[in-house]
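Data first, discussion second: the structure below is written as structure tokens.
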Amino acid sequence: QVFSKLLYPIVREGALSVLQYMLLSFQHSHEAFHLLLPHIPRLVASLKKEDSNSATSSLEQLAELIHCMFFRFSGFPDLYEPVLEAVKALPIPNEDRIKHLLGQNAWTSQKNELACFYPRLVSKSETGKIGLINLGNTCYMNSIIQSLFMASDFRHSVLNLTEGNSQPLMTKLQWLFAFLEHSQRPAISPESFLSASWPPWFTPGAQQDCSEYLKYLLDRLHEEEKTGKRIYQKLKESNLMSQAVEHHYLNKTLIEKMFGGKMMTKIRCLKCLNVSSREEAFTDLSLAFPPPDRHMRGSTSVLPVEEIGPQFIEPPENPSQLTGSPWVQRKAPMARDPAAPPMPVETLGFQEPGEAANPSSGNAVGVDAATTAHSAFGEQACARKDSRSVPDLINYFLSPERLTAENKYHCEKCASLQDAEKVAELTEGPHYLILTLLRFSFDPRTMKRKKILDNVSIPVVLKLPVLVTPEETEEVCQSGKDRAAPGSGFMSVVYDLCSVVVHSGISSESGHYYCYSRECTDTVPLGQPRDGAPKPASDKQLDFEIQWYLFNDTRVSFSSFESVSNVTSFFPKDTAYVLFYRQRPGRQSCPLHESLAEAGRLHGEPSLHKDLMEAISKDNILYLQEQEKEARNRAAYISALPKSPLWWRDFDRDKDDDSSSGGCSPAAGGGGSGSFHGLVF
């Protein structure tokens, strides 16, 4: 009602003052601001059309208020894009001004007293997906859990674990996944899993690095399973274990199967040309940004991104065709290394029909808007450089590094410090490839950690060069997906984008995390012959048509790859941070893919053990009882209200049921909404 009065010049000034006080005071929930979102573009258009001094002044104040709300309640790009488009021509307040306004007007008691007495009935998201309640700056964990949950192969493996598996943390993850799959609640609380997976050095209630949490979580799960294997090894030595169980427990851990890859690090002494090498395992690749003076497009070690149409990857009719491609030599061959120059990283992008492929067009969308809006976020963030792409960062990661001056290499053959060249090569691609973009760096000038806000274009399909042995080079995987150039020693492994974790903010110690995810499955339908190139099972299998979801704590909504691609263009402090890619069936993944496909044919959806099924059923019944009780209390409360105040009747008529919890923010920690009576397990 107050917002609508801005249309009338005679009361506009007073109404705007009241509206500012209401929204800037109501900082414990995004609910009030989100009620206005559908109406803001129409009001802005009306005030622009009026073209009076009053309208112009009100527009500027309204735009300042809107940017304050964007800053306070980040993580809703799909809702905010139309509003941002409406106010893009209006002045943007700087960060200091935003923080001043937010700090000056916030209520000291961050509780919604009205909501406590007047709870709104909530329902499950129309997506069918379930949110996670923010327990106070725990969005970093929520976004990681949802990304892992949407990794369907990993989720099915976790849900298929048997009882008594001697893995307490994995069991808690299994329960959490099971409730995310089968609960009737709109959101559940991960409190039990948080306490079990909490890194001991994390500060309670403070924002944390989601990448650091992910590494710790995967390492804990891996070590826990390894410990179980050692126990069973001792049982085996005591002849207390059958051969079938022995075979199961001596295989790789689940984390190694799903996320484990291998990388060869080679160091060549530039004096004696001796090469030393070491192979090590990894669960994620941390990709640094090249220094500002390094121009990726012109580098001899990087291939410009190749864009092709929206189609499935067709293998070359003849592998020798690869030698005629515009690939450039990434590095000089190492001494005693018979392999030819490795293949650079490729992307398989998308373009409009009839549009010529243009390597530089991948990031053209929204550049002007992003540059303009960037000024709102102060000097703590790095200035935006030329736009990068994920293949740029991977090629930089794989390019040779000179070890000189203070970084000289101690050569065992020369028995002294020598200049050397160091290079990394992937020898085994993981089933799920996790890429972390190292956006946070320490600035010695300001003595603070700063965030690199560069927009990085994310390909929906990525081809990664993996080193193979001469024997493997002769083999061609039955799927025909990844062939090696003769004598190259490298083979392309194809990955599909599954999840993107976005960090909104300008510091690793603050901000908010949310994620985009989709269900990635094999493009080869079950039962289709695996000879030749795979064909799409249906039109829905096309990469652009697979449904994306946006997970923002308790709120889950439909999204699209377009939203994923453009989020930084519209919201400069919302940047992709952790990426999940899934390997398509190919040479390296044949055994794993076939076993997963076979399990899917035999069992369909994972069957849960009895205790877990009973717990879910009981909680669903409890939730229905809670809803019935809440509905009765609501009706009784409304009937007892005085009939005269108009605002009560308007509040009663409000049909907006979006009571999802707000996320974290730079101003203060988020938290679960009081209207959620969430399950804690």
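The values are calculated or read from the model by the stated rules, or taken from the named source; none is laboratory data. This is a predicted model, so every value here is computed, not measured. Note that we place each Cβ from the backbone using ideal geometry, even for glycine, and neighbour counts take in every protein chain shown. Side chains included, ligands, DNA and RNA excluded: accessible areas come from the protein's heavy atoms. Shrake-Rupley method; radii C 1.70, N 1.55, O 1.52, S 1.80 Å.
Summary table below
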quantity	calculated
Estimated vicinal HN-Hα couplings, Hz - the stretch 623-634 in sequence order (Karplus 6.51, -1.76, 1.60; Gly, Pro = x)	5, 5, 5, 4, 5, 5, 5, 5, 5, 5, 4, 5
Accessible carbon and sulfur surface of the stretch 3-105 relative to its total accessible area, %, 1.4 Å	57
Highest-first arrangement of 133-140, 439-446, 57-64, 276-283, where packing means the average Cβ count within 10 Å	133-140, 57-64, 276-283, 439-446
In Hz, Karplus ³J(HN,Hα) per residue of the stretch 6-13 (6.51, -1.76, 1.60; θ = phi - 60°; x = Gly, Pro)	5, 6, 9, x, 5, 10, 4, 4
Ranking by accessible area, most exposed first, for Glu425, Glu224, Glu212, Glu191 with a 1.4 Å probe	Glu191, Glu212, Glu224, Glu425
Solvent exposure of the stretch 3-105 as accessible area per residue, Å², 1.4 Å probe	46
Amide hydrogen neighbours beyond the local backbone of Leu403, cut-off 5 Å, H modeled	Ala420, Glu421, Lys422
Built amide H within the under 5 Å cut-off of Tyr514, gap 5+	Val502, Ser504
Mean projected area in nm² (Cα convex hull; one quarter of hull surface) for the stretch 3-105	6.0
Given Lys408/Lys448; Lys463/Lys573; Lys448/Lys573; Lys129/Lys215, the pairs whose alpha carbons are separated by over 19 Å	Lys408/Lys448; Lys463/Lys573; Lys129/Lys215
Lys450 accessible area, 1.4 Å probe, all protein chains in place, Å² to nearest 10	50
Rough spin-label spacing in nm, given labels placed 7 Å along Cα→Cβ, for Phe440 and Gln625	4.3
Solvent-accessible surface ranking, highest first, for Arg268, Arg582 at 1.4 angstrom	Arg268, Arg582
Where Trp175, Trp201, Trp548 fall by accessible area, highest first, once all protein chains stay in place (1.4 Å)	Trp201, Trp175, Trp548
